[in-house]
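The values are calculated or read from the model by the stated rules, or taken from the named source; none is laboratory data. Predicted model, so just to flag it, every value in this text is computed and none were measured. Here the Cβ positions follow ideal geometry from the backbone for every residue, glycine too, while neighbour counts run over all protein chains shown. The accessibility values were calculated without ligands, DNA or RNA, using every heavy atom of the protein model including side chains. Shrake-Rupley method; radii C 1.70, N 1.55, O 1.52, S 1.80 Å.
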Amino acid sequence: MTVHRYIVKSKLDLCKRLLEKGYPMIEIYKICGLGNYNHLFRAFKKEFGMTPKEYVRQIQEHTSEISDRS
């Protein structure tokens, strides 16, 4: 893994954690230093195979399933 790839992956992992905590996308790409939303969107989709919105939806569905079991 190149240094550049490592840095981008670290930033995207931080993005995932912030999405899980409910941060708005405008803040996330600024906090993570990814330039703008389009860059974050493309990099996130390339890395994880889904858009940030799809990831948030997946988290919400998982959380809903857990709360339904309780």
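Looking only at residues in region 11-40 that are under 8 Å from the mean Cα position of the chain (by Cα) and basic (Lys, Arg), which one is nearest to Arg57 (Cα to Cα)?
Lys16
For region 41-54, how many residues are open to solvent by 40 Å² or more (accessible area, probe 1.4 Å), among the aromatic types (Phe, Trp, Tyr) and in contact (Cβ under 8 Å) with a residue 24 or more places away in the chain?
Within region 41-54, residues that are open to solvent by 40 Å² or more (accessible area, probe 1.4 Å), among the aromatic types (Phe, Trp, Tyr) and in contact (Cβ under 8 Å) with a residue 24 or more places away in the chain number 1.
Filter region 55-70 down to the residues that are of a type in the set (D, E, K, R) and over 16 Å from Gly22 (Cβ atoms), then identify the one that is least open to solvent (accessible area, probe 1.4 Å). I'd like the intermediate steps shown before the answer.
Start the filter on region 55-70 by keeping residues that are of a type in the set (D, E, K, R), which leaves 57, 61, 65, 68-69.
With over 16 Å from Gly22 (Cβ atoms) added as a condition, the list becomes 65, 68-69.
Working: Glu65: 93, Asp68: 117, Arg69: 188 Å².
Per the criteria, the residue is Glu65.
Specify the residue that is farthest from Ile7 (Cα to Cα); the eligible residues are those in region 24-40 that are open to solvent by less than 70 Å² (accessible area, probe 1.4 Å) and part of a helix (DSSP H, G or I).
Start the filter on region 24-40 by keeping residues that are open to solvent by less than 70 Å² (accessible area, probe 1.4 Å), which leaves 24-25, 28-29, 32-35, 40.
Then keep just the ones that are part of a helix (DSSP H, G or I); that gives 25, 28-29, 40.
Numbers: Met25: 19, Ile28: 16, Tyr29: 14, Leu40: 13 Å.
Taking the candidates together, the pick is Met25.
His62 fails exactly one of the following numbered conditions: (1) in a helix (DSSP H, G or I); (2) closer than 21 Å to Ser10 by Cβ. What is the number of that condition?
Condition not satisfied by His62: (2).
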